Structure formats: C-alpha cells, structure tokens
Amino acid sequence: MSRGKIASLVVLVLLIVAVLYARHATRHGFTAREQPSAFETLVARAARNMAIPRDARDEENPWKGLDTPDNLKEAREHFADHCSSCHGNDGSGNTEMGKNMYPKPPDLRLPATQNLTDGELYWIIENGVRLTGMPAWGDPQFEIQDDDSWKLVLFIRHMPHLTAEDMQDMQSYNPKGKMEEEDEEEENAAHGDHADHGDKKDDMKHMDMQHMNMQDMQHMNHSQPQQQK
C-alpha cells in the first residue's frame, strides 16, 4: 500500500472518530468531572510532546547531582507554595482543585511523568501546557535559565520518596485562603487569651503567697515574748 493511501486511511479513521465523539458530546454534553478518554489522552500527550523542541528535551539539569537536603528543602517549599493547590503536596493531584479540572493533573510520581527527561519537565514548568490548567511559570523577558524551575525538576524526581516529615514541613508553606487565615487568627487569639488568663492566675497566686507570708511573719512577731527593759 502506498504512503498516500495509508495517509488517507489514517485521516478517514480520525474523521470517523471525530464524528462519533461529536455525536456523543451533543447527546451528553461536556463536563470537567469526567476522565478524558483514552483517545483524548493519547492525542493530548502527542500534542504536548510535539510542542517541546528537540533541543529542549535533551537539556541537562545543571543542578543534577546537587540534590542536597538544603536544595531539596528549598524546592519542596517552592512546590508547596506554588504547585500544591492543583498537584497536592504528594504530587497525586488529588486536591479540591485538581480533581475538578479537565484534564486532571497527572500523578507526578508515576512513570508517565517520571519517564520524561529533565529537559521536558523544565520546558513544561516554564512554558505550561495549552488547553490544560498548567500555567507557564517562566518569564519571557528573561532568556537565562531559571534555577528555581530546575530545582523543581530535582524535587519531582524525589517525589516518590517523600517522607512523613517532608509532608508535614510542606503544610506550613501551603497557600491559605481568607477563611483559613481568619480561622487561624481567631485560634491564635483564643490561645493568647488563655495564656493571658493563665498568667493573671499565676500573678494572683504569687500575690496571695506574699500576703500569707507577711501575715505569718506578723503573727510570729506578736507571739514572741517582749524583752524586759
């Protein structure tokens, strides 16, 4: 079979699939609650891979081999502050925002992400992915490479090995909504009032003890026989 016939056959198959998908959509509508079909996932990943230049895929992480505890902590805190709302601290994507997006954020711990090259991960962080919720974090005004994004690549590689201590540390860097901040302020204020009340009780006890000691001393002085002149 000639290449022209093969290409025509592929186009025909794609058209049939598109027609069937359009019919399904018109009957059932679109909703972000559903999981993308296997066909959508295949097309989306192919489009994403095509969007990444070949040179970018082959880029080496300048921080590779420098995954020290300090560098990982810095990247972990950066991820908790900027990325956790959609991806979760553990990278699962099982968050209030993530599970209601379409497509859902990928589980960063799984091979579909871990098998990407460092260059591909860096490109995605810097340039985002069209028609998804993944934004472009890079600044187009600066052509120099972003060390923070490269450190995030280090952290993503480390995600399958996160410890309970890592997760607990990340919680303090998660972004908080207005209601959460107000609840936290009220809780701190309540603890402050309780501490002040405790201090006042301690002060009263201390004053009572001083008063009792003074009474005891006066009683002892009165009970001693007066010396004759």
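The values are calculated or read from the model by the stated rules, or taken from the named source; none is laboratory data. Computed from a prediction, not measured in an experiment: that's the story for all the values here. Reconstructed Cβ throughout: ideal geometry from the backbone, glycine too, with neighbour counts over all protein chains shown.
Tabulated data
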quantity	calculated
Set Arg48, Arg109, Arg54: member being within 18 Å of Trp137 (Cα to Cα) and basic (Lys, Arg)	Arg48
Helices (runs of 4 or more DSSP H) fully within the stretch 123-229 counting 1 or more residues that are closer than 30 Å to Ala47 by Cα and either at pLDDT 65 or above or out of contact with any Cys (no Cβ under 6 Å at 6 or more places or on another chain) (or both)	147-158
Residues (more than 15 Å from the chain's Cα centre (by Cα), not in a loop (DSSP other than H, G, I, E, B) and not hydrophobic (A, V, I, L, M, F, W, C)) located in the stretch 92-122	Asn100, Pro111, Thr113, Gln114, Asp118, Gly119, Glu120, Tyr122
Subset tally (residues that are of a type in the set (A, V, I, L, M) and either free of Cβ contacts under 8 Å to residues at least 12 places away in the same chain or not in a helix (DSSP H, G or I) (or both)) for the stretch 48-71	3
Only one of Asn71, Asn94, Asn89 that is under 22 Å from Glu165 (Cβ atoms), in contact with a Gly (Cβ under 6 Å, 6 or more places away or on another chain) and not charged (D, E, K, R)	Asn94
Some residue of the stretch 74-82 being assigned to a loop (DSSP other than H, G, I, E, B), within 25 Å of the chain's Cα centre (by Cα) and within 19 Å of Ile156 (Cα to Cα)	no
Output for the stretch 39-54, where each listed residue is loosely packed, with under 14 Cβ neighbours inside 10 Å, at pLDDT below 85, more than 27 Å from the chain's Cα centre (by Cα) and among the aliphatic types (A, V, I, L, M)	none
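Table: residues versus (1) out of contact with any helix residue (DSSP H, G or I) (no Cβ under 8 Å at 6 or more places or on another chain); (2) over 16 Å from Met134 (Cβ atoms).
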{"position": "Ser8", "(1), (2)": "yes, yes"}
{"position": "Val11", "(1), (2)": "yes, yes"}
{"position": "Ile16", "(1), (2)": "yes, yes"}
{"position": "Pro62", "(1), (2)": "no, yes"}
{"position": "Ala75", "(1), (2)": "no, yes"}
{"position": "Cys86", "(1), (2)": "no, no"}
{"position": "Gly91", "(1), (2)": "no, no"}
{"position": "Pro103", "(1), (2)": "no, no"}
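One line per residue, one yes/no per condition, for (1) modelled with pLDDT under 95; (2) surrounded by fewer than 19 Cβ atoms within 10 Å (Cβ to Cβ); (3) hydrophobic (A, V, I, L, M, F, W, C):
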position	(1), (2), (3)
Pro69	yes, yes, no
Ala80	no, no, yes
Asn100	yes, yes, no
Arg109	no, yes, no
Thr117	no, yes, no
